[in-house]
Every structure is written in structure tokens, then in C-alpha cells.
1. Being closer than 15 Å to residue 35 by Cα and assigned to a loop (DSSP other than H, G, I, E, B) is the filter; apply it to segment 50-63 and report the residue that is nearest to the chain's Cα centre (by Cα).
2. For segment 43-68, which residues satisfy the criterion of being within 18 Å of residue 4 (Cβ to Cβ) and loosely packed, with under 12 Cβ neighbours inside 10 Å?
3. Across segment 71-108, what is the total count of residues that are over 13 Å from the mean Cα position of the chain (by Cα), among the β-branched types (Val, Ile, Thr) and within 17 Å of residue 7 (Cβ to Cβ)?
4. Just checking, how many residues over segment 102-124 are buried (at least 24 other Cβ atoms within 10 Å of the Cβ) and in contact (Cβ under 8 Å) with a residue 24 or more places away in the chain?
5. Give the residues of segment 64-89 that are under 21 Å from residue 116 (Cα atoms), in a loop (DSSP other than H, G, I, E, B) and out of contact with any Phe, Trp or Tyr (no Cβ under 9 Å at 6 or more places or on another chain), sorted by residue number.
6. Can you tell me which residues in segment 84-101 are surrounded by 13 or more Cβ atoms within 10 Å (Cβ to Cβ), within 26 Å of residue 48 (Cα to Cα) and at pLDDT below 90?
7. Given the criteria in a helix (DSSP H, G or I) and either closer than 15 Å to residue 1 by Cβ or more than 15 Å from the chain's Cα centre (by Cα) (or both), does residue 111 qualify?
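The values are calculated or read from the model by the stated rules, or taken from the named source; none is laboratory data. Everything numeric in this text was worked out from a predicted model, so none of it was measured. Counting neighbours? That spans all protein chains shown, and the Cβs are built from the backbone with ideal geometry, glycine included.
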Amino acid sequence: MLWDKGVGVLVDAARLLNESKASAQGKVRVALVGVPDPGNPASIDEATLRGWVAEGVVEWWGWQEDMSTVYARGHIVTLPTVYGEGVPTALLEAAACGKPLVATDAPGCREVVRHELNGLLVPPNDRPRWLPPSGGWLMTRTCVVEWALQPPACAGKIHHRAGELSHTAGI
């Protein structure tokens with residue numbers, strides 16, 4: 001768990017969303033998966049993670065060996081990293097599992113996420129645009145959110161658009 005991966009941004013966004021009218025359908029669950037890395041100065045310490053859990057803003061699932069099971073339990077996978085990545089394994093795996101993605105508009109992430117096709121790209125550190133309290137992309141670009149709330153209703157749209165893209169690209 002590293003601050004550089006944008007975990008603080010995601011926690012703040014979860015707070016905003018759960019305090020807003022956007023959560024009228026119930027509390028939004030945000031699960032963090034991974035463990036602190038004490039050898040890294042950007043590591044989030046266990047006390048901070050446990051504090052967020054006690055506050056009720058996130059769930060912390062710790063280390064998980066089988067990420068496909070983790071992805072199956074969620075609706076949207078996000079990587080709010082604050083720096084350019086290589087090609088993020090987490091986004092590749094989640095995309096392979098058919099999950100909508102929300103990631104930072106940064107090198108690496110934009111190689112996996114096609115904005116408004118298989119997910120959304122958001123500016124780095126832009127907490128209000130990750131999960132805004134009102135308005136913003138969450139309300140206007142509904143396909144990813146619809147998919148999260150009612151998977152069958154929107155999944156066809158995403159897969160249809162993905163099929164168009166692959167056909168156009170000659171894949």
C-alpha cells in the first residue's frame with residue numbers, strides 16, 4: 001500500500017461520495033487490497049489502514065493470492081496513481097475480468113483504459129472528479145456507474161463498443 005498509488009485520493013473520494021446524495025442507493029464500498037511495504041518511504045502504515053477501516057470509509061482485505069476472485073467481488077476497479085506507471089498489472093487483470101476501470105490519466109494507465117469505452121481516465125490528484133459529491137463524471141457518464149449498479153443493463157453497451165473498436169482495429 002503506497003501513497004504514490006493514490007490510495008489517499010481514493011479514500012478521500014470515498015468519503016465525499018458516501019457523504020453525498022450520490023450514495024442514496026446505499027453506502028459505496030471501497031476495498032483496498034494489499035499490504036504495507038515498510039521498506040518503502042511512500043508506504044501507508046498499518047495503523048492508518050486500520051483507522052480508515054474503523055472510520056468505515058474503506059474495507060482493507062490485506063494480501064490476496066487470487067486476484068480474479070477479488071475482481072469478481074467488485075464492480076469497478078480503480079487505480080488513482082499519482083505518477084506514470086509501466087502498464088499496471090492490476091488494470092490489465094481487471095480488464096481481462098471484464099471490469100469497468102477508473103484510472104489516472106497518466107502513462108501506463110491510458111494504455112489500458114480507453115476513456116468512456118472500458119472505463120474513465122481522471123486527472124491525477126483530482127479528488128472531486130474521482131467520486132464527486134454531486135455532478136461531474138459520475139452523474140453524466142453513466143455507463144460505468146450503471147454497469148456497477150446493474151451489470152447486465154450496461155455490459156452489452158460496453159461489449160458492443162469494444163467489439164466495434166476491435167473490428168475497426170482489425171483485431
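1. 58
2. 45
3. 2
4. Here the count works out to 7.
5. 74, 81, 84, 85, 87, 88
6. 85, 101 - these are the residues of segment 84-101 that are surrounded by 13 or more Cβ atoms within 10 Å (Cβ to Cβ), within 26 Å of residue 48 (Cα to Cα) and at pLDDT below 90.
7. Judged against the criteria, residue 111 is a match.
A quick yes/no check of all residues on (1) charged (D, E, K, R); (2) touching a residue at least 12 places away in the same chain (Cβ under 8 Å):
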residue	(1), (2)
5	yes, yes
12	yes, yes
15	yes, yes
37	yes, yes
41	no, no
48	no, no
60	no, yes
70	no, yes
